[in-house]
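S.K.: A single structure is presented below for examination.
The values are calculated or read from the model by the stated rules, or taken from the named source; none is laboratory data. What you see is a predicted model; the values in this text were computed from it and never measured. Note: ideal-geometry Cβ built from the backbone for every residue, glycine included; neighbour counts use all protein chains shown. With ligands, DNA and RNA removed, areas are computed over all heavy atoms of the protein, side chains included. Shrake-Rupley method; radii C 1.70, N 1.55, O 1.52, S 1.80 Å.
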Amino acid sequence: MPNPDFELNDNVGRTSEQTTAARLGIATPNDLKRWARRDAEVFLAEHPLPTEPLPTPDTAPFRAALAAAETPAEVSAVTRHFLHAAQPTLHAVFDFLTTIAQRGDQHLSAGPGSPPELLIRAANCAVAVLGISNEADLGALRAEYDTPPATPTAPTAPTPEPGLPPTTHGHNGRAPGR
């Protein structure tokens, strides 16, 4: 689709992204968003949405506790409390992105790299934070509390008395030549 905002071969005032898009005959991401914003004006007038960002959680208590933490157990306690506090928000992001992806059952025939598949992947990443963080926390606790046992060493051959050659045993357990 030709970009309706520029005449063909008129690069004055264009960014390199716009020039490349015009050469390829595609719209830039900014063009797509601007056109969608224009076409959704009536809809948004009928369905006003908040324009302010969602409330940011207050991480100050967690940061203060983390700064005071001295042991892996204390760091783990802060980590677990923070993840527990963040879980509802991360799950809300997951639920909403999944709802968008499943709108109109478009996800049922979506292939790799399609918008529904990308949205579902993004939703999974939102909650993967919880699992990955939990894994890191458990790894730190394992390093502190459950260190692997010492690897048993192979038995060493007895050291010969000074001045005598080392003894080598054959298959019968006796020194060769005896």
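S.K.: HN-Hα J couplings of segment 60-73 from phi, Karplus 6.51/-1.76/1.60, θ = phi - 60°, integer Hz, Gly and Pro as x?
M.R.: 4, x, 5, 5, 5, 5, 5, 5, 8, 5, 10, 10, x, 5
S.K.: I'd like the Karplus ³J(HN,Hα) series for segment 23-30: coefficients 6.51, -1.76, 1.60, θ = phi - 60°, whole numbers in Hz, and an x wherever there's a Gly or Pro.
M.R.: Whole-Hz 3J(HN,Hα) from phi for segment 23-30: 5, 7, x, 10, 8, 7, x, 5.
S.K.: So, with a 1.4 angstrom probe, what is the percent of accessible area on segment 15-129 that is carbon and sulfur? Let's see the in-between values first.
M.R.: On the way: 5470 of 8550 Å².
Accessible surface attributable to carbon and sulfur in segment 15-129 totals 64 percent.
S.K.: Which FRET efficiency, nearest 0.05, do Asp95 and Leu49 yield, Cβ-Cβ r, R0 22 Å? Write out the running numbers ahead of the final one.
M.R.: Numbers: r = 17 Å, r/R0 = 0.77.
With R0 = 22 Å, the Cβ-Cβ based efficiency is 0.80.
S.K.: In nm², what is the average projected area of the convex hull enclosing the Cα atoms of segment 100-145? Walk me through the numbers on the way to the answer.
M.R.: Numbers: hull surface 15.3 nm².
Dividing the Cα hull surface by four gives the mean projection, 3.8 nm².
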